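Written out below as structure tokens is the structure these notes cover.
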Amino acid sequence: MRSAWLAALLLSLGLVVGARDSAALVLPVTGGPGLDVGEVCLSGSLCPGTPALTLSGAAPVSGSFTYNVGPSTMDFVLTLTAPATFGGFAVLAGTTFSALGVPVIATPLGGGIVDISQFGLASALVSPLFTFPVLTVVSATPIVTGLTCLIGTGADQCGVSLGASGLTVNTGGPPNYDVFLTFNVNVPEPTTLVLVLAGLGGLALRGRRA
């Protein structure tokens with residue numbers, strides 16, 4: 001009975017929060033490798049998978065992921081705090097990768113763990129894209145793929161991949177090259193979200209048993 005009461009209370013809180021489209025939970029970046037996977041591929045080639053150049057080493061980032069409770073979307077902004085080198089060129093510190101309104105679904109996994117994962121199409125924006133030697137940027141709006149945040153584990157993380165289309169460069173003429181990037185960062189646990197979603201999961205489980 002007590003667990004049912006608590007679940008109902010949390011459900012009410014979830015409905016109140018969900019009714020406010022402006023309600024958001026901000027997950028600031030607190031560490032992690034940052035940009036840790038990167039490939040530059042000849043356009044038309046499989047990317048990731050057959051790179052012409054690969055990221056030399058992980059590059060740290062700052063920024064945040066924001067879960068918008070009402071519309072169930074995720075925003076993010078990630079800024080390089082050190083250069084990301086790809087052998088022949090570097091994306092310099094200060095380059096920002098961002099996206100608004102990435103559709104996501106939040107799923108309680110039990111034990112207070114919640115998975116927030118992308119389930120629809122979205123695109124990002126890269127600005128400014130500083131490179132050395134200078135490359136011509138053909139397109140700076142990569143596709144957002146595989147955005148996910150796993151929270152309530154005690155070692156909470158968010159990750160997102162960009163590309164392999166929409167972020168395209170060349171060396172001043174053909175051919176073009178596509179850039180694929182993956183970010184993995186640590187974030188703090190948003191206790192409120194865990195409690196609300198755990199309550200929703202508890203009610204669903206109780207309903208199935210009944």
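Laboratory data are not the source of any read-out in this text; all were calculated from the coordinates shown. The shown structure was predicted, so the numbers you read here are calculated from the model rather than taken from an experiment. No Cβ is skipped: glycine too gets one built from the backbone with ideal geometry, and neighbour counts run over all protein chains shown.
Would you kindly calculate the translational diffusion coefficient of the range 24-189, applying Stokes-Einstein with the Kirkwood radius from alpha carbon pairs, for 10 °C and a viscosity of 1.306 mPa s, and quote it in µm² s⁻¹ without decimals? All intermediate terms of the calculation are to be shown ahead of the outcome.
Details: Rh = 16.1 Å.
Stokes-Einstein gives a translational diffusion coefficient of 99 µm²/s.
Only counting other Cβ atoms within 10 Å, I'd like Leu162, Leu27, Leu125, Leu55 sorted with the fewest neighbours first.
On the way: Leu162 28, Leu27 25, Leu125 16, Leu55 22.
Starting with the residue having the fewest Cβ neighbours, the order is Leu125, Leu55, Leu27, Leu162.
Can you work out the Karplus-derived ³J(HN,Hα) for every residue in the range 154-159? Use 6.51 cos²θ - 1.76 cosθ + 1.60 with θ = phi - 60°, whole Hz, and x for glycine or proline.
Couplings: x, 9, 6, 9, 10, x Hz.
Read phi for every residue in the range 141-151 and hand back ³J(HN,Hα) as whole Hz from Karplus 6.51 cos²θ - 1.76 cosθ + 1.60, θ = phi - 60°, with x for Gly and Pro.
Per residue, the Karplus-derived 3J(HN,Hα) values read 10, x, 6, 8, 10, x, 5, 8, 10, 10, 10 Hz.
List the residues, sorted by chain then number, that are 5 or more residues from Leu147 or on another chain and whose placed amide H is less than 5 Å from its amide H.
Gln118, Ser161
May I ask you to evaluate 6.51 cos²θ - 1.76 cosθ + 1.60, the Karplus curve with θ = phi - 60°, for each residue of the range 121-128 and list the ³J(HN,Hα) values in order in whole Hz, giving x for glycine and proline?
Whole-Hz 3J(HN,Hα) from phi for the range 121-128: 6, 7, 10, 10, 10, 10, 7, x.
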